[in-house]
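Here the structure comes first, spelled out in structure tokens, and everything after it is commentary.
The values are calculated or read from the model by the stated rules, or taken from the named source; none is laboratory data. From a predicted model like this one, the values you see are computed outputs, not experimental measurements. Cβ coordinates were reconstructed from backbone atoms using ideal geometry, including for glycine residues, and neighbour counts include every protein chain displayed. Heavy atoms of the whole protein, side chains included, go into the accessibility calculation; ligands, DNA and RNA do not. Shrake-Rupley method; radii C 1.70, N 1.55, O 1.52, S 1.80 Å.
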Amino acid sequence: MLGLWWVVEGVGAVRNDRWKPFLRTTGWLALGSLLALAMVAQPYLSVAEYKDFSIRGAASGGAAGEGALAWDYAMGWSQGVGELVTLLIADAYGGGQAYWGPKPFTAGPHYVGGVVLLLAILALWRLRTNVVWALGLGTVLMMLFSLGEHFELLNRPMFEFFPLFDAFRVPETWLSIAALALALLAAFGVYYLARPEPTDEASATKTKHIYIVSGGMVGLVLLLIVFRGALFDFEKPGEYQQVVQQVAASNDVAPNDPRVARAAEQYLAQMESDRKARFSDDAQRTLIFLIFAAAVLSAYRREWIPGWTMQVLLALLVVVDLWGVDRRYFSEDDLRRAQDPDDLIAKYDFDQFLLERQAEAGGPGAFRVLSLESGNPMVNARPSFYHESIGGYHGAKLRLFQDYIDHVFMTDRGLPSENALDLLNVRYIIARGVLPETEPVFQSEQTRQVVLRNPDAVPRAFLVGDAEVVASPDAMWDRLQSSDFDPRATALLSEAIDFDPAPLDSMSRADVTLDAYGPREIRWTVSTDAPRLLVASEVYYPAGWNAYVDGEPSPIYRANYLLRAVPIPAGEHEVVMRFEPTSYRRGLWISGIATALTYGGVLVLVGLHWWRREDEEAPADEGADDEQEA
């Protein structure tokens, strides 16, 4: 949006032969922008570094920086073309369970309201300034971006060629910038209304334009109310087939059973009726606000109310309009509940059981938990509040972890892979029933969920006596799921290393003791009678984690596709892993220096201003003293 504004101003400067001051201003803006970016180098340098190792910047099995999001994934939650009407009518496409647009689901719309749109249209029509042109063009562009896959003519070339465009998803979020631009345009519309006109003829023309826009907006909403059935079908794409499958599954009958079709049709008829009612209710609501706004503008043009009253009333209408829609999604009750996370996140008896087992095992770093309480563990964040969970949602997971989930975590039978759970140090599983190779140790009285113990889970760190190089990611995934792979004996490496571990047998000494566990540092005491590999059940991240054996730096290798491995010589050693990303330290230095330069420069400029002012006033003061003395 700012770049587009700069282009519009540049075109105007060239056309009006003002390109020299424009270039000078651009130079100052560039300097200010560089300083502003440098002041926030921390945390953005670390975020940019992380991006290259995440699903937003690394191809499956590839090195950092290779690949990015797939088109279909990136275009998820594209705004429907007709759905743009929700800028004017909040519940035109429903919300929550009643939503019927093309997105998988959504809670509420990007709503600005009829009054804001009325004022914005006035500004676009009557104010021919560069900033208004820029905001208007930017609003259109943001809306086209928000359409995502529904407007490939623009978004596909941007996705393929424009830097970073393929690192983001949910195109509808472009509408947040469109809403900002519309609000600014509405402010320019109020300026146009309050601006005095030089002649009576110009004032009469303004009144005519105000009535045209107001009448046009009222007429548009009336047309949408009257012809809603012809313009909208009020059925989500593919919804009939989804309802048929759900009804058939819940009643254990075939999808082609005639009773299923009747039930699906009855359900959709009820949903269509509800959606039409919500559409009409919010359309009438918008109509009322537009009529009030038109009445305020008419009273102002007839000089029944002064300009400041007109502005206050318009602002009040916008606040009441937006507040009324906002309260559907965010209320005072939400604010009260959000003060204490413990009041928001449910805690069950099985959580308490697991916390007690953790305390018995020595605290954090003892084991991890997998929760299958609500189906897919990768979208359920509740257990992570209480436990070291391998589940939970993150929109930009590490590529390695996402690959592990996609290719290793589940077997062909739809059950968690035993090797995958073992390697991730999953000692307990929360499930609805017993899984193979597990034993139930607790059943919840509150939820009837069962806590299962996985007796084969490896410790958080352990020694292995064999290393096998598997360079291909596909071969690595297959090997990790193989029943003849023993994670306690062998480490699968992605590349050959200059280290030959000694085999383990019943007489070998290979002990690992956890001394401290935290998010930035982990310490172990390792005792081994021969050189071996220490495998840590921690995610491999080369951009920050460093290893030290007895204080000396040691390489960290990627083992078992996802984990870390450190070569350990024979003897007793202290092994430390620390999170020390250079990007973090570099960002702190850059931010600190830029902040000092910026605020120091401001102080210097202020000081120079006062010094020059005093210097200029000094001769006049001395002359006054001489005159008084004479």
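Just reorder S506, S371 by solvent-accessible area, largest first, 1.4 Å probe, all chains present. Please report the intermediate quantities before stating the final value.
Working: S506 115, S371 5 Å².
So the residues, ranked largest to smallest area, are S506, S371.
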Quiz item: Hey, rough spin-label estimate for D500 and Y329, points 7 angstrom out along Cα→Cβ, what's it come to in nanometres?
Solution: 6.4 nm
Quiz item: Can you pull the accessible area of D500 for me, 1.4 Å probe, Å² to the nearest 10?
Solution: 130 Å²
Quiz item: Once phi is turned into θ = phi - 60°, what whole-Hz ³J(HN,Hα) does the Karplus curve with 6.51, -1.76 and 1.60 give for every residue of the stretch 403-415, x standing for Gly and Pro?
Solution: 4, 4, 5, 6, 10, 10, 5, 10, 8, 5, 7, x, 10
Quiz item: In nanometres, what is the gap between the two model label sites at E437 and L35, each 7 Å from Cα along Cα-to-Cβ?
Solution: 6.1 nm
Quiz prompt | Exposure of H394 as accessible area (Å², to 10), given a probe of 1.4 Å and all protein chains | solution = 100 Å²
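Tally Lys/Arg at +1 and Asp/Glu at -1 over every other residue whose Cβ is under 10 Å from the Cβ of A248; what's the total? If you can, show how the numbers build up before the last one.
Numbers: positive: R259; negative: D252, D257.
Its environment carries a net charge of -1.
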Quiz item: Ranked highest first by average number of other Cβ atoms within 10 Å, how do 488-494, 559-565 line up?
Solution: 559-565, 488-494
Exercise. For M378, M507, M158, write out the residues from largest to smallest accessible area, computed with a 1.4 angstrom probe and no ligands counted.
Key: M507, M158, M378
Quiz item: Using alpha carbons only, how many degrees (0 to 90, rounded to 10) separate the axis of helix 349-361 from the longest principal axis of the chain?
Solution: 50 degrees
Quiz item: On a 0 to 90 degree scale, rounded to 10, what angle separates helix 41-51 from the longest Cα axis of the chain?
Solution: 60 degrees
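Using the beta-carbon distance between V312 and E272 and R0 = 41 Å, what value does 1/(1 + (r/R0)^6) give for FRET efficiency, to the nearest 0.05? Can you show the working numbers first?
Values: r = 42 Å, r/R0 = 1.01.
For V312 and E272, the calculated efficiency is 0.50.
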Quiz item: Against the longest alpha carbon principal axis of the chain, how many degrees, from 0 to 90 and to the nearest 10, is the axis of helix 307-326 turned?
Solution: 30 degrees
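Over all distinct alpha-carbon pairs, what is the Kirkwood Rh of the stretch 331-479 in angstrom? Show your work: numbers first, answer last.
Numbers: mean 1/r = 0.0590 Å⁻¹.
With all distinct Cα pairs of the stretch 331-479 included, I get 17.0 Å.
Find the eigenvalues of the gyration tensor of the Cα atoms of the chain, then list the square roots of 5 times those eigenvalues as equivalent ellipsoid semi-axes, largest first, in whole angstrom.
Each semi-axis is the square root of five times an eigenvalue, giving 57, 40, 22 Å.
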Self-check item: FRET efficiency, 1/(1 + (r/R0)^6) with R0 45 Å, evaluated for E152 and L355 via beta carbons
Solution: 0.35
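Just to verify a number: FRET efficiency for T447 and A98, C-beta to C-beta distance, R0 = 22 Å, to 0.05? Write out the running numbers ahead of the final one.
Details: r = 29 Å, r/R0 = 1.30.
Working from the Cβ atoms, E equals 0.15.
Among 17-26, 263-272, what's the highest-first ranking by average C-beta atoms within 10 angstrom per residue? Intermediate values should be presented prior to the final figure.
Numbers: 17-26: 12.0, 263-272: 15.2.
Highest mean packing first, the order is 263-272, 17-26.
Normalising by the residue count of the chain, find the relative contact order in percent from Cα pairs under 8 Å and 6+ residues apart. If you can, show how the numbers build up before the last one.
Working: 910 pairs, mean separation 78.7, N = 630.
This gives 12 percent for the chain.
Please compute the net charge surrounding E172, taking Lys and Arg as +1 and Asp and Glu as -1 over other residues with Cβ under 13 Å from its Cβ. List each step's numbers first, then the result.
Working: positive: K103, R169; negative: E83, E149.
Within the 13 Å Cβ shell, the charges total 0.
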Quiz item: Once the piece of chain linking Q241 and D515 is laid out straight, how much longer is it, given 0.36 nm per residue of separation minus the C-alpha distance between them?
Solution: 93.0 nm
Quiz prompt | the stretch 533-551 and the stretch 262-334: distance between their alpha carbon centers, rounded to Å | solution = 57 Å
Quiz item: How far apart, in nm, are two points set 7 Å out from the Cα along the Cα-to-Cβ line at A346 and at W125?
Solution: 5.3 nm
